[in-house]
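Enquirer: Following this message is one structure expressed as structure tokens.
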Amino acid sequence: MFRLNFKIALRNLWKNKGYTLINVGGLAIGLASCMILLLYVGYKWSYDKQFSNYEKTYVVYNNAFTSAKLETWIWTPGLMAREIKEKVPGIAYASRSTFPEQRLISHGQQRFKSAAIFADAAFLKILDFKMIRGNRDKVLQELNSVVLTEGMAKRLFGMEDPINKMVKFENTEVLKVEAVIADVPGNSSVQFDYLLPWALLEKQNQIIRNSNWGMNFCLTLVQLKDNRFFGSVNQQLKGIYKRNEQGSNSEAFMHPLSKWHLYSTFENGVSVGGKIDQIRIFFILAFCILLIACVNFMNLSTARSEKRAKEVGVRKAIGSSRKSLISQFMLESVLLSFLGMLVAFVLMEISLPYFNGLLHTTLVIEYQNWKFWSVLLSLTFFTGFIAGSYPAFYLSSFEPVKVLKGFNIAVNSSLSVRKVLVVFQFVFAACLMVCTAVIYQQLNYIKDKPVGYNKAGLMEVPLQGVLLKDPAKMQLLKERLLKTGAVTEVTFFSKGMNEEGDATFGVEWAGKKPKEDVLFNYRSSGYDFVKTIGTSVLAGREFSAQFNDSAKVLINEAAVKLMGFRQPIGASLKLWGKSFTIIGVIKDFVMASPYQRAAPMVVYYDMGIMTSAVARLNPAQNVSSSVQKIDEVFKSFNPDFPVDRKFVDEVFKQKFDDEQLLGTLANWFGGFAIFISCLGLLGLALFTAEQRKKEIGIRKVLGASTANILALLNKDFIKLVLIANLIACPLAYVVVYKWLSAYEFRVSISVLPFAIAIFLSLIIALITVTAQSVRVVKSNPVDALKYE
Amino acid sequence: MIELKNIEKYYANKGVKSYILRHVSTSIKQGEFVSIMGPSGAGKSTLLNILGMLEEPTYGAYEFMGEDVVSLNERKRIELYRNHIGFVFQAYHLIDEMTVAENIEAPLLYKKVSSAERKSRVADVLDRFNMVAKKDLFPNQLSGGQQQLVGIARALVAQPSIILADEPTGNLQSPQALQIMELFKKLNEEENITIIQVTHSEVNAAYGSRILHLLDGVIKEDLSLQQVI
């Protein structure tokens, strides 16, 4: 029985190659989209789960209560890890580490700026990356030692054995390679190329050596002996700040390592999601696309039901039960979805490299992984069942007498279901179109929104080696750069132009309410800062060599507004207890998120903490030759360091990565959804045209033109698409409204995206239907009529 | 074998009942060869469909081999006709996607006959109908007469006790029609299979042993052919 049904299913598919192609194609695209999205979702889901005790591992967060609101940070004091390990029961390991920074590491002529982390010995016990060489129990304890990842070791040493060889860090410290660990996988939240002992950081940095409980700067990881200690440990952590520092406004708490990546947004000290929202969107998208492909199949099968009806009638007349008919149709659809899956494989293999580039991931089809196969198989069966369910029940319900007598099945009921399905497809497609359009509008809006300074043609180069903390050398650098003619202005800044961080509660001013804690960004800038970056001074002046500016500050508009100064120039404020005079007010400009208002900022003058040189390129000069000249100047100071220059506007663009990704994905998968829907429409149009062959013939004989008949055939479909749009528009409005409301700066929702969606879907439907029916319409009416 | 009592069939359309069959009562014994005749619209096919359990009467009692068909549930009914009834249609109604052999085999599949037995029965029937050479052809590769032969072979393979034929020769030319009727007669006489056919043709009806004349849903005449002769 099964074999015969199988054979017949194959013959059926072969006989109707066109429909098979449409069905398999649609299912293949649907399945491939679904699988790629699921791979991505799975990849995101697997974040930080590669460690053997990840379930018992927690990241310590810091809830800081300010008068304005409760802020949650991942930065914790350097003293915390030891305190936890020693005083809190139930702890297996506690480690502190810095956040990765690009630092110079070299071996002979091999010099790289790679991600470095300073960490305790416990760090590698908690995050147990595979040890390729060396002893896990002995690493990161000696002052002059380093642990390399495999990739880093290869780059530095090539095929040589790196163990016990020497490398140079920042061109000053000589370190012995103690161990080599496996490369950090892409789905780890902690990313680094080499690890350095904490002791080295303390040796280099006096502030950190003497740091107290008020300085939050490192990542604290905790591994419990058992998860039953979670409650008690968390209770202990809550008061840990207050026990160690009088008047602290912070509380620490633990967040599971496995949730670090996906649930990283906190509101009022409670996790409220994060990337998980995006993952959910992708998950829903994956299944909707698959569903659309299934709907195609349902539509075409039921549309073709009249052809199958006779077979159903005969089978029933010779003794088939309904159950066996249902199983036969199910078999056909499962077979079809298997064929679709085969094609989907090809599609996936072709498109994965592209998506990997897009998503910054390393997704691969793991052919040896049973999980992959089980997901794949269940997805295929699921698709087959969903797609086959309606046709199977519908077709098997035919009464043999009626269908065998000749045709008059009540087409109306099935037709309305078919219409509903087409409408459903187009609702989804139109929604996606609207969303895509709005995402792009928002992106463009934010990109074009003035950032408060002129970021084009602005270059920043990190200060390193001899240039660090040496005002005389910096001055020399500035002079030499200007002399080349490649740049017109040069200044220095204590952070990258697009970097967040360096914020403090330590600003006081006259009229500040006693319990008011406000977070200020603090920066330090060199002379000519305003001129170089192309912003403006609203009042007063900027730092200049003509004055002694060591006790002067600039503030931005936001700060003026917050402090409520009528006459800010000449007023004074206290930063960390030291008194400063305000000499200028500068325009707000974007450093952190372009979606939010600029935070209040104080800028003081301290050449000792500058980290980058900012230069405006000479617009009259060729960029590549200018860049070369600039490189030469930097090399003359630091021959051993790569220059590592960046264009400010390119760094700025990275702030949109998430939205850009969402836009691109919505574009792609929206395109797929539309394409699959069109395939369905195509098949349906073809079918209708053939079904109405006789009617068309008669109409033509009566004198209808081709255009008349095309209009007739198109009318029904256009109606459906219009209804779909009618449903889709409010739906899409709700979705984009919700999405946009997360942004402080956002486009207002206009008619345009909706118009685009309606127009596009109508045009696409029109073209599809016309292209499909024109062949039938143009045929000679005599051919259609003579068989009657 | 078959007892019909007061069978009625009507369709209600906007309160108006349009009758197809009225007060049809008859009984058919094992081994009879009955022809149902009458003009178009007389209700012949409906009667045949009711006999074949493809349709239910609106009213009346139908006993098939002592069982009350009307009160049977669907599963039992399917069971009953799987085992006892073979259908032959005017338009042959072979399944286009199946070969001749597969078409013949299909009813056996539904009866859950074992594979070996199926093979031997199909081979047997093919042999009997001289169609061994055509067993791998598809229906559209056969002539009408051959297709109808396959149709009959398919009805016979399940070894039914009764064959219901709805104008079996309606689409055929007369030499082929004759051949089919001869076949029916032979089956009836040699294997004692009850045959009920709907026909327009007096010639075809003459092959049978009994004629039911239907007019406007009412049995007008019930002739035994021996009487006629």
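Enquirer: Holding the Cα-Cα limit at 32 Å, pick out from A:LYS17/A:LYS715; A:LYS259/A:LYS574; A:LYS275/A:LYS512 the pairs that are longer than that. Numbers along the way, then the final one.
Expert: Details: A:LYS17/A:LYS715 27 Å; A:LYS259/A:LYS574 40 Å; A:LYS275/A:LYS512 37 Å.
Violating the 32 Å limit, Cα to Cα: A:LYS259/A:LYS574; A:LYS275/A:LYS512.
Enquirer: Further, regarding this structure: Quote the FRET efficiency, to the nearest 0.05, computed for A:GLN102 versus A:PHE230 with a Förster distance R0 of 35 Å and r equal to the Cβ-Cβ distance. Walk me through the intermediate numbers first.
Expert: Working: r = 36 Å, r/R0 = 1.02.
After rounding to 0.05, the efficiency reads 0.45.
Enquirer: Based on the mean of other beta carbon atoms within 10 Å per residue, what is the order of A:143-153, A:756-766, B:2-12, most packed first?
Expert: Working: A:143-153: 21.7, A:756-766: 18.2, B:2-12: 16.6.
Top to bottom by mean Cβ count within 10 Å: A:143-153, A:756-766, B:2-12.
Enquirer: Okay, moving on. Summing +1 for each Lys or Arg and -1 for each Asp or Glu, what net charge is found among the other residues whose Cβ lies under 15 Å from the Cβ of A:LEU538? Provide the component values of the computation, followed by the final result.
Expert: Working: positive: A:LYS531, A:ARG541, A:LYS561, A:ARG566, A:LYS587; negative: A:GLU542, A:GLU557, A:ASP588.
The answer is +2.
Enquirer: Normalised by the number of residues in chain A, what is the relative contact order in percent for Cα pairs under 8 Å and 6+ residues apart? Let's see the in-between values first.
Expert: Working: 1330 pairs, mean separation 117.7, N = 788.
So the answer I get is 15 percent.
Enquirer: Hey, another quick one. Find how much the distance from A:LEU377 to A:GLU695 grows on full extension, using 0.36 nm per residue of separation minus their present alpha carbon separation; answer in nm with one decimal. Before the final figure, lay out each step's value.
Expert: Values: separation 318, 0.36 × 318 = 114.48 nm, distance 4.47 nm.
Gain on extension, A:LEU377 to A:GLU695, equals 110.0 nm.
Enquirer: Run through the stretch A:542-608 and list the trypsin sites (Lys or Arg not before Pro) located in a DSSP loop whose Cβ has at most 16 other Cβ atoms within 10 Å.
Expert: Values: sites: A:LYS552, A:LYS561, A:ARG566, A:LYS574, A:LYS578, A:LYS587, A:ARG597; in loops: A:ARG566, A:LYS587, A:ARG597.
For trypsin sites (Lys or Arg not before Pro) across the stretch A:542-608 that sit outside H, G, I, E and B with at most 16 neighbouring Cβ atoms in 10 Å, the list reads A:ARG566, A:LYS587, A:ARG597.
Enquirer: Now for a separate question. Can you give the average number of partner chain beta-carbon atoms within 10 Å of each beta-carbon in peptide A:4-10, as a whole number? Don't skip to the answer; put the middle values down first.
Expert: Details: counts 5, 1, 0, 4, 7, 1, 1.
Taking the mean over all residues of the peptide, I get 3.
Enquirer: Highest GNM mean-square fluctuation, chain B, Cα pairs closer than 10 Å: which of B:TYR92, B:TYR59, B:TYR110?
Expert: Highest fluctuation of the listed residues: B:TYR110.
Enquirer: If you stretched the chain out fully between A:GLN621 and A:ALA456, how much longer would it get, using 0.36 nm times the residue separation minus the C-alpha to C-alpha distance? If you can, show how the numbers build up before the last one.
Expert: Working: separation 165, 0.36 × 165 = 59.40 nm, distance 1.44 nm.
So the extension gain works out to 58.0 nm.
Enquirer: May I ask you to evaluate 6.51 cos²θ - 1.76 cosθ + 1.60, the Karplus curve with θ = phi - 60°, for each residue of the stretch A:538-550 and list the ³J(HN,Hα) values in order in whole Hz, giving x for glycine and proline?
Expert: Karplus-based 3J(HN,Hα) across the stretch A:538-550 equals 7, 8, x, 9, 9, 4, 8, 5, 6, 10, 9, 9, 5 Hz.
Enquirer: GNM on chain B, C-alpha springs below 10 Å: top fluctuator among B:LEU47, B:LEU149, B:LEU72?
Expert: B:LEU72
Enquirer: I would also like to ask the following. Return the loop-located chymotrypsin sites (Phe, Trp or Tyr not before Pro) in the stretch A:482-589 (DSSP other than H, G, I, E, B) with at most 14 other Cβ atoms within 10 Å of their own Cβ; answer none if there are none.
Expert: Values: sites: A:PHE492, A:PHE493, A:PHE505, A:TRP509, A:PHE520, A:TYR522, A:TYR527, A:PHE529, A:PHE543, A:PHE547, A:PHE565, A:TRP576, A:PHE580, A:PHE589; in loops: A:PHE505, A:TYR527, A:PHE543, A:PHE547, A:PHE565, A:TRP576, A:PHE589.
Listed in order of number, the matching sites are A:PHE547, A:TRP576.
Enquirer: Nearest 0.05, what FRET efficiency do B:GLN173 and A:LEU10 give at R0 = 45 Å with Cβ-Cβ as r?
Expert: Details: r = 35 Å, r/R0 = 0.78.
Here the calculated transfer efficiency is 0.80.
Enquirer: Further question: Taking the 0 to 90 degree range and rounding to the nearest ten, how far is the long axis of helix B:100-110 tilted relative to the main principal axis of chain B, both from C-alpha atoms?
Expert: Compared with the principal axis, the helix lies near 60 degrees.
Enquirer: At 7 Å along the Cα-to-beta-carbon direction for both A:SER324 and A:GLN654, put a label point, then send me their distance in nm to one decimal.
Expert: Inter-label distance under the simple model: 6.7 nm.
Enquirer: Another one. Could you check what % of the DSSP bridge pairs in the stretch A:57-260 are antiparallel, to the nearest 5? Mind showing how you got there, number by number?
Expert: Values: 40 of 49 bridges.
About 80 percent, rounded to the nearest 5.
Enquirer: May I ask what percent, to the nearest 5, of DSSP beta bridges between residues of chain B are antiparallel? List each step's numbers first, then the result.
Expert: Working: 22 of 39 bridges.
Roughly 55 percent of the beta bridges in chain B run antiparallel, per DSSP.
Enquirer: Testing the spin-label approximation: label points 7 Å from Cα along Cα→Cβ at B:ALA133 and A:PHE65. State their distance in nm.
Expert: My value for the distance between the label points is 10.1 nm.
Enquirer: Something else: For B:VAL70 and A:ILE727, what does the FRET efficiency come to when R0 = 51 Å and r is the distance between their Cβ atoms, rounded to the nearest 0.05? Numbers along the way, then the final one.
Expert: Working: r = 47 Å, r/R0 = 0.92.
Approximately 0.60, to the nearest 0.05.
Enquirer: Search the structure for amide H atoms under 5 Å from the amide H of A:PHE217, placed 1.01 Å from N in the peptide plane, and list their residues when 5 or more places away or on another chain.
Expert: A:THR76, A:GLY78
Enquirer: Of A:LYS130/A:LYS203; A:LYS113/A:LYS203; A:LYS176/A:LYS629, which ones are farther than 31 Å apart at the Cα?
Expert: Working: A:LYS130/A:LYS203 29 Å; A:LYS113/A:LYS203 21 Å; A:LYS176/A:LYS629 36 Å.
Correct reply: A:LYS176/A:LYS629.
Enquirer: Sticking with this structure for a sec: So what J values fall out for the stretch B:138-152 if you push phi through Karplus, 6.51 cos²θ - 1.76 cosθ + 1.60 with θ = phi - 60°, rounded to Hz, Gly and Pro as x?
Expert: 9, x, 6, 9, 10, 6, x, x, 5, 4, 5, 4, 4, x, 5
Enquirer: Now, a different point. Roughly how crowded by other chains is peptide B:91-97, in terms of the mean Cβ count from those chains within 10 Å of each of its Cβ atoms?
Expert: Values: counts 4, 1, 10, 3, 8, 8, 10.
Mean number of neighbouring Cβ atoms from other chains: 6.
Enquirer: Return the long-range amide H neighbours of B:ILE20 (sequence gap of 5 or more, or a different chain), with a cut-off of under 5 Å between placed amide H atoms.
Expert: B:LYS9, B:TYR10, B:TYR11
Enquirer: If you plug each phi of the stretch B:61-68 into the Karplus form 6.51 cos²θ - 1.76 cosθ + 1.60 with θ = phi - 60°, what whole-Hz ³J(HN,Hα) values come out, in order, with x for Gly and Pro?
Expert: Going residue by residue, I get 10, 10, 10, 10, 6, x, 9, 7 Hz, with x marking Gly and Pro.
Enquirer: Right, another one. Which of the chymotrypsin sites (Phe, Trp or Tyr not before Pro) found in the stretch A:275-360 are loop residues per DSSP with 10 or fewer other Cβ atoms within 10 Å of their Cβ? Display every interim value, and only then the final one.
Expert: Details: sites: A:PHE282, A:PHE283, A:PHE287, A:PHE297, A:PHE329, A:PHE338, A:PHE345, A:TYR354, A:PHE355; in loops: none.
Within the stretch A:275-360, no chymotrypsin sites (Phe, Trp or Tyr not before Pro) qualify (loop, at most 10 other Cβ atoms within 10 Å).
Enquirer: Once the piece of chain linking A:ALA545 and A:ASN356 is laid out straight, how much longer is it, given 0.36 nm per residue of separation minus the C-alpha distance between them? Provide the component values of the computation, followed by the final result.
Expert: Values: separation 189, 0.36 × 189 = 68.04 nm, distance 5.05 nm.
Roughly 63.0 nm would be gained on extension.
Enquirer: Taking a virtual spin label 7 Å from the Cα of A:ASN53 along the C-beta vector, which residues in the stretch A:226-241 bring their backbone nitrogen under 17 Å of it?
Expert: Correct set: A:226-234.
Enquirer: For chain A, list the DSSP H helices whose alpha carbon atoms reach 27 Å or more along the long axis and whose average Kyte-Doolittle value is 1.0 or above?
Expert: On the way: long enough: A:17-45 (40 Å, 1.14); A:275-303 (42 Å, 1.59); A:322-359 (50 Å, 1.27); A:370-395 (36 Å, 1.04); A:411-448 (55 Å, 1.04); A:657-691 (50 Å, 0.88); A:706-740 (47 Å, 1.37); A:752-778 (37 Å, 1.88).
Counting only whole DSSP H runs, the qualifying helices are A:17-45, A:275-303, A:322-359, A:370-395, A:411-448, A:706-740, A:752-778.
Enquirer: Something else about it: List the residues of the stretch A:1-35 whose backbone N lies under 17 Å from a point placed 7 Å from the Cα of B:SER115 along the Cα-to-Cβ direction.
Expert: Residues A:1-8 fall inside that zone.
Enquirer: A further question follows. Straight-line reach only, C-alpha to C-alpha below 16 angstrom: list the aspartates and glutamates that B:LYS112 could link to, leaving out same-chain residues fewer than 8 apart.
Expert: B:GLU79, B:GLU102
Enquirer: Ok, one more. Within 10 Å of each residue's Cβ, count the other Cβ atoms and sort A:LYS478, A:LYS469 from fewest upward. Before the final figure, lay out the partial values.
Expert: Numbers: A:LYS478 21, A:LYS469 13.
Ordered from fewest to most neighbouring Cβ atoms within 10 Å, A:LYS478, A:LYS469 come out as A:LYS469, A:LYS478.
Enquirer: Which of A:THR76, A:THR581 comes first, and how do the rest follow, when ranked by fewest Cβ neighbours within 10 Å? The partial results should precede the final answer.
Expert: Numbers: A:THR76 27, A:THR581 13.
Taking fewest neighbouring Cβ atoms as first place, the list is A:THR581, A:THR76.
Enquirer: Normalising by the residue count of chain B, find the relative contact order in percent from Cα pairs under 8 Å and 6+ residues apart. Please list the in-between numbers first.
Expert: Working: 419 pairs, mean separation 68.7, N = 229.
Reported relative contact order: 30 percent.
Enquirer: Do any of A:LYS310/B:LYS111; A:LYS719/B:LYS9; A:LYS478/A:LYS552 go past 32 Å between their Cα atoms, and which? Don't skip to the end; give the middle numbers.
Expert: Numbers: A:LYS310/B:LYS111 21 Å; A:LYS719/B:LYS9 41 Å; A:LYS478/A:LYS552 22 Å.
A:LYS719/B:LYS9, as the Cα separations exceed 32 Å there.
Enquirer: Now, a different point. Using the basic label-point model (7 angstrom from Cα toward the beta carbon), what is the B:ASP216 to A:LYS138 distance in nanometres?
Expert: Once both label points are built, they end up 11.4 nm from each other.
All of the numbers you see were taken from the coordinates with simple rules; none came from a lab. A quick note: this is a predicted structure, and the numbers were derived from the prediction, not measured. Note that each Cβ is placed from the backbone with ideal geometry, even for glycine, and that neighbours are counted across all protein chains shown.
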